[in-house]
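These notes concern the structure reproduced below.
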Amino acid sequence: MDEVTHTLEQVGPRLRALRAERGATLSEVADSTGISVSTLSRLESGGRRPTLELLLPLARAYQVPLDELVDAPETGDPRVRAKPIKRHGRTFIPLTRRPGGVQAFKLVIPAHDPPEPYQPAVHEGYEWIYVLSGSLHLVLGTRVLDLGPGEVVEFDTRTPHVIANRGDHPTEVLALFGPQGERMHVRSGG
């Protein structure tokens, strides 16, 4: 038996184990993915060969990376090879690979960004920001805060907010963004 065939045969038991860990029924998974109960049952039992069209919605539903679903072989290199994303002149470097849940990013905000007048944003979620370098100007509702390296802020993103760099040099931050109601918990070993 070749490695590909063996890997594909392990997908069914892995899917069944993920569903059991989450205490979900086949019907619940079918509702969240749009895949029929009979197809899910055949996938789990090995009666249906997994395809990308079936695995992608299942990875989203179970909030695991696709390579974890199929148990892709280790590459031997533990580094995360993040591809920077440019949005509105800012650089976002994803530090997490799991869909859903808390997402981590390194964010580089260019000097004097955004320009005034500010347009506050409001959206579902919860954000935690740690300033690595530079200065961060935060408008949070009626509060205005200026943060420097080593300072941390966390807030409900339903509060109108602006994250800005009013300085002459780029600002670098670590940002954790989570779904509504999911707050960050930081513990120190001291």
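The values are calculated or read from the model by the stated rules, or taken from the named source; none is laboratory data. Predicted model, so just to flag it, every value in this text is computed and none were measured. Positions of Cβ are generated from backbone atoms using ideal geometry, with glycine treated the same way; all protein chains shown enter the neighbour counts.
For the reader, a short list of remarks on this structure follows.
- Filtering segment 152-182 to residues that are under 17 Å from Lys106 (Cβ atoms), more than 22 Å from the chain's Cα centre (by Cα) and loosely packed, with under 14 Cβ neighbours inside 10 Å leaves only His169.
- Checked against the criterion of being in contact with an Asp or Glu (Cβ under 7 Å, 6 or more places away or on another chain) and on the phi < 0 side of the Ramachandran plot, the candidates Tyr126, Tyr118 yield just one match: Tyr126.
- Residues of segment 96-140 classified as within 17 Å of the chain's Cα centre (by Cα), surrounded by 14 or more Cβ atoms within 10 Å (Cβ to Cβ), touching a residue at least 40 places away in the same chain (Cβ under 8 Å) and not in a strand (DSSP E or B), total: 3
- Helices (runs of 4 or more DSSP H) fully within segment 1-69 that include at least 3 residues being within 25 Å of Gln103 (Cβ to Cβ): 11-21, 26-33, 52-62, 66-69.
- Hits in segment 49-87 (condition: charged (D, E, K, R), out of contact with any helix residue (DSSP H, G or I) (no Cβ under 7 Å at 6 or more places or on another chain), farther than 30 Å from Ile109 by Cα and modelled with pLDDT of 70 or more): Glu53, Asp67, Glu68
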